[in-house]
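Have a look at the structure below, then the notes.
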Amino acid sequence: MRYKYCPECGTKLIPKHAGDDGAVPYCERCKEFRFDTFHSCVIVLTYNEFDEIILCRQGYLSDRYTSVTSGYISPGENAEQCALREVREELGIDLESLEYAGTYWFGKKDMLMHGFIGFAHKQDLVLSEEIDSAEWVPAAKAPETMYPDGPGNALHELYRLYLNKKLTE
Ligand SMILES: [Zn+2]
């Protein structure tokens, strides 16, 4: 969110110098700077002992298996807790390990994505209503249905990290 008006009192903001940050929108009534804000989210690539990863299909987006678990971090929660919670909620799985895999800026939606690679032994999935279907897919075949690679596509970055990880194991 890039503020033009104060989110507390509605006053039109004016640019004011804020140290190293330069000109920042400022509310003269609240005497507060209103820095740009953005969403923090997680994206989790889950794999198993058979070199399979979980791909999800969300019918309103596509009829193909395009994506992996993702979700908004709730206030009071850290990124790791969010990653474990989202995988549990969406797929019915408790990850056995979770590895931080960097951050990715998703400019289209002003989101900072925190990437994770999670491991769980192969098991049946218990899907939430948000997910129309999800499947364990051989990792080598996953790019056939994933959203195409491109700038800002965190899933492909995670996928490459996963492949490198398997090569060095
Ligand atoms: Zn204000």
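Based on alpha-carbon atoms only, what is the radius of gyration of the stretch 39-168 relative to the globular estimate 2.2 N^0.38 Å? All intermediate terms of the calculation are to be shown ahead of the outcome.
Values: Rg = 13.4 Å, N = 130, 2.2 N^0.38 = 14.0 Å.
Against the compact-globule rule of thumb, the ratio is 0.96.
If you line up the long axis of helix 79-91 against the longest principal axis of the chain, both from Cα atoms, how many degrees apart are they, to the nearest 10?
Approximately 50 degrees, to the nearest 10.
Could you order Phe38, Phe33 by accessible surface area, starting with the largest, using a probe radius of 1.4 Å?
Ranking Phe38, Phe33 by accessible area, largest first, yields Phe38, Phe33.
I want to check a number: in the chain, how many lysine pairs have alpha carbons closer than 21 Å, given a sequence separation of 8 or more or different chains?
12
Determine which residues of the stretch 115-131 fall in the zone a paramagnetic label at Gln58 would reach in this model, i.e. backbone nitrogen under 20 Å from the point 7 Å along Cα→Cβ.
So the set is 115-118, 125-131.
Under a plain spin-label model, where a point goes 7 Å from the Cα along Cα-to-Cβ, how far apart in nm are Leu161 and Arg2?
Between Leu161 and Arg2, the simple spin-label model gives 2.8 nm.
If you roll a 1.4 Å probe over the heavy atoms of the protein chains, what accessible area per residue do you get for the chain, in Å²? Could you put the intermediate results ahead of the total?
Working: 9970 Å² over 169 residues.
Spelled out: the 1.4 Å probe surface of the chain, per residue, equals 59 Å².
Relative to the longest principal axis of the C-alpha atoms of the chain, give the angle of the C-alpha long axis of helix 154-168, reported between 0 and 90° and rounded to the nearest 10°.
Taking the Cα atoms of the chain, the angle to 154-168 is about 50 degrees.
Could you work out [θ]222 nm for the chain from helices alone, using -39500 (n - 2.57) per DSSP H run of at least four and dividing by all its residues? Round to the nearest 500 deg cm²/dmol. Intermediate results must be reported in sequence, preceding the final value.
On the way: 2 runs with 28 residues, N = 169.
Value at 222 nm, helices only: -5500 deg cm²/dmol.
In nm, to one decimal, how far is the Trp105 label point from the Arg29 one, both placed 7 Å along Cα→Cβ?
Simple spin-label model gives 3.2 nm for this pair.
What FRET efficiency do you get for Ser97 and Val126 if R0 is 30 Å and r is their Cβ-Cβ distance, rounded to the nearest 0.05?
0.90
For the chain, what % of the accessible area comes from carbon and sulfur atoms, probe 1.4 Å? Intermediate results must be reported in sequence, preceding the final value.
Values: 5180 of 9970 Å².
About 52 percent, which is the carbon plus sulfur part of the accessible surface.
The values are calculated or read from the model by the stated rules, or taken from the named source; none is laboratory data. Nothing here was measured: the structure is a model prediction, and the numbers come from that model. Cβ: placed from backbone, ideal geometry, glycine included. Neighbour counts: every protein chain shown. These area figures cover heavy atoms from the full protein model, side chains too; ligands, DNA and RNA do not enter into them. Shrake-Rupley method; radii C 1.70, N 1.55, O 1.52, S 1.80 Å.
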